[in-house]
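The values are calculated or read from the model by the stated rules, or taken from the named source; none is laboratory data. Nothing here was measured: the structure is a model prediction, and the numbers come from that model. Virtual Cβ from ideal backbone geometry, glycine too; neighbours counted across all protein chains shown. Side chains are part of the model used for accessible areas, which takes the heavy atoms of the whole protein and leaves out ligands, DNA and RNA. Shrake-Rupley method; radii C 1.70, N 1.55, O 1.52, S 1.80 Å.
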Amino acid sequence: GFARIRCRDNGVGMTAEVKEKIFDPFFTTKSRFKGTGVGLSIVKEIIGRRGGEVEVTSNRGEGTEFVIDLPLYRGGDDSGQ
């Protein structure tokens, strides 16, 4: 009972060190004043609150893939739990 969303690119990919930190609040690879580094931490929190998961696979020179699994809505109340 999950919906799966896959987003993949063929960019430069990430190092293992960067991949370990991408969901940490305020982590960014951008230069100063170019980003806050909160986007992916918020995404992970929202997905987790809905009972889902987000995973990332990335290798230098091979691109990156994000996989999001969200439980399917089965009716009932609107509490989101």
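Taking Phe23, Phe33, Phe66 as the candidate residues, the one with maximal mean-square fluctuation in a Gaussian network model of the chain, Cα springs under 10 Å, is Phe33. Modelled label positions at Val56 and Asn10, each set 7 Å beyond Cα in the direction of Cβ, lie 2.2 nm from each other. For the pair Ala3 and Ile46, the difference between a 0.36 nm per residue extended length and the Cα-Cα distance amounts to 14.0 nm. Highest GNM mean-square fluctuation among Arg32, Arg60, Arg49, for the chain modelled with Cα contacts below 10 Å: Arg32. For the options Glu62, Glu17, Glu45, a Gaussian network treatment of the chain with springs between C-alpha atoms closer than 10 Å singles out Glu17 as fluctuating the most. The heavy atoms of Val43 present about 60 square angstrom of accessible area, all protein chains included, probe 1.4 Å.
Spatially close Lys pairs in the chain, defined by Cα atoms under 17 Å apart and a spacing of eight or more places or different chains, total 4.
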